1. What strands (runs of 3 or more DSSP E) completely inside segment 63-136 contain at least 2 residues that are surrounded by fewer than 19 Cβ atoms within 10 Å (Cβ to Cβ) and away from the ligand (no atom under 12 Å from the Cβ)?
2. Against the definition (assigned to a loop (DSSP other than H, G, I, E, B), in contact (Cβ under 8 Å) with a residue 24 or more places away in the chain and either farther than 23 Å from residue 242 by Cβ or within 12 Å of the ligand (Cβ to nearest atom) (or both)), how does residue 183 come out, yes or no?
3. Of the residues 297, 263, which single one is in contact (Cβ under 8 Å) with a residue 60 or more places away in the chain, near the ligand (Cβ under 10 Å from one of its atoms) and not in a loop (DSSP other than H, G, I, E, B)?
4. Could you tell me which residue of segment 220-253 is farthest from residue 297 (Cα to Cα), considering only residues that are acidic (Asp, Glu) and in contact with a strand residue (DSSP E or B) (Cβ under 7 Å, 6 or more places away or on another chain)?
5. Out of 195, 217, I need the residue that is within 12 Å of the ligand (Cβ to nearest atom) and either touching a strand residue (DSSP E or B) at 6+ places or on another chain (Cβ under 7 Å) or not assigned by TED's automatic domain parsing to the domain that holds residue 290 (or both). Which one?
6. From 173, 147, which residue is among the aliphatic types (A, V, I, L, M), touching a helix residue (DSSP H, G or I) at 6+ places or on another chain (Cβ under 6 Å) and within 30 Å of residue 26 (Cα to Cα)?
7. Give the residues of segment 266-289 that are under 21 Å from residue 159 (Cβ atoms) and not in a helix (DSSP H, G or I), sorted by residue number.
8. Residue 52 fails exactly one of the following numbered conditions: (1) in contact with a Ser or Thr (Cβ under 9 Å, 6 or more places away or on another chain); (2) within 16 Å of the ligand (Cβ to nearest atom). What is the number of that condition?
Amino acid sequence: MLIKTIQQLIGNTPLIHLQIKVPKHSHIYAKLEMFNPGGSIKDRLGQYMIQDGIDKGKINATTTIIEPTAGNTGIGVALATQEHHLPTILVVPEKFSYEKQTLMKALGAKLINTPSEDGIKGAIKKAREIAAETPNSYVPMQFENPANPAAYYHTLAPELIQDLDQPIDAFVAGAGSGGTFAGIAKYLKEQNSNTQSIVVEPEGSILNGGPEHPHKTEGIGVEFIPPFFKNVQIDQTLTISDADAFKYVRQMAAQQGLFIGSSSGAALAASLKVAEQLPENSTIVTVFPDSSERYMSENIYQKP
Ligand code: PMP
């Protein structure tokens, strides 16, 4: 395969039919998003939001791009802005992994850290402040931008339909900004109204009404209801403990040769619960957003 830019490799990731024991002889298929060049599902988002800003005339040749992020979106945005030679400032709460922060800087982005205890809301506020002081700046703002769910609606979701020749009984995905879940769930429901959509959060996230508290599962969990959830049917919300998420991180490496991050572990834990609820021989599709290699400094294989 001959390519000219690494960005050409974004999308069209493999879908793996997991060879594990699933309740009721059901089948779990996982989209391996760590095979994007920046190492996560968020490469799709970075590329899509920056192109959308250019197409809408919000970004010109000298615009400074500013984005609050937990890390993977920052890498995706930095990959996209590097291709367009756009200066980039990423605002990241301190707590997010050393690897992600190092990669954002390596791509040429300037990093601003906000205190961990202020959460993603603190990073959003800071990004807005920097934008107000920076002439000709643009904040894609993944937490509100309709281009976020649209990125998955137009790319990942059709790939699932292309790769599977049987109906999908359930779609299971974690939510951080909620874009992945909302975009894919909407597309799949349009294709087949019988497909159930199940959103996954870690304990400490607020979707199921539980109290907000810190968690070790990284990349998912919300501090506010994602606005994208207004436009999509949610059949169930499953809350997964850190212990369960990390158990499946270890199991996937040990049994399947798969290096998955903790949000993928949570997605698998939830998919197995869904298999228990559905009839025999169901087809469950989920998304593995990134790789464990992004969390080596956090001893991901020893946690929690
Ligand atoms: N998993 C990981 C590792 C992530 O970085 C993210 C994005 N923060 C998600 C899952 C959740 O994706 P979304 O923001 O589309 O809900």
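1. Strands (runs of 3 or more DSSP E) meeting the threshold: 110-114.
2. Values: assigned to a loop (DSSP other than H, G, I, E, B): no; in contact (Cβ under 8 Å) with a residue 24 or more places away in the chain: yes; either farther than 23 Å from residue 242 by Cβ or within 12 Å of the ligand (Cβ to nearest atom) (or both): yes.
Answer is no for this residue.
3. Working: 297 fails: near the ligand (Cβ under 10 Å from one of its atoms).
One residue alone meets the criteria, 263.
4. Going through segment 220-253, the residues acidic (Asp, Glu) turn out to be 223, 235, 242, 244.
With in contact with a strand residue (DSSP E or B) (Cβ under 7 Å, 6 or more places away or on another chain) added as a condition, the list becomes 235, 242.
Values: 235: 36, 242: 17 Å.
Once the filter is applied, the top-ranked residue is 235.
5. On the way: 195 fails: within 12 Å of the ligand (Cβ to nearest atom).
On inspection, the qualifying residue turns out to be 217.
6. Numbers: 147 fails: within 30 Å of residue 26 (Cα to Cα).
Sole residue among the options that is among the aliphatic types (A, V, I, L, M), touching a helix residue (DSSP H, G or I) at 6+ places or on another chain (Cβ under 6 Å) and within 30 Å of residue 26 (Cα to Cα): 173.
7. Passing the criteria: 282, 283, 284, 285, 286, 287, 288, 289.
8. Unmet condition: (1).
The values are calculated or read from the model by the stated rules, or taken from the named source; none is laboratory data. A quick note: this is a predicted structure, and the numbers were derived from the prediction, not measured. Methodologically, a virtual Cβ is constructed for each residue, glycine included, from the backbone with ideal geometry; neighbour enumeration extends over all protein chains shown.
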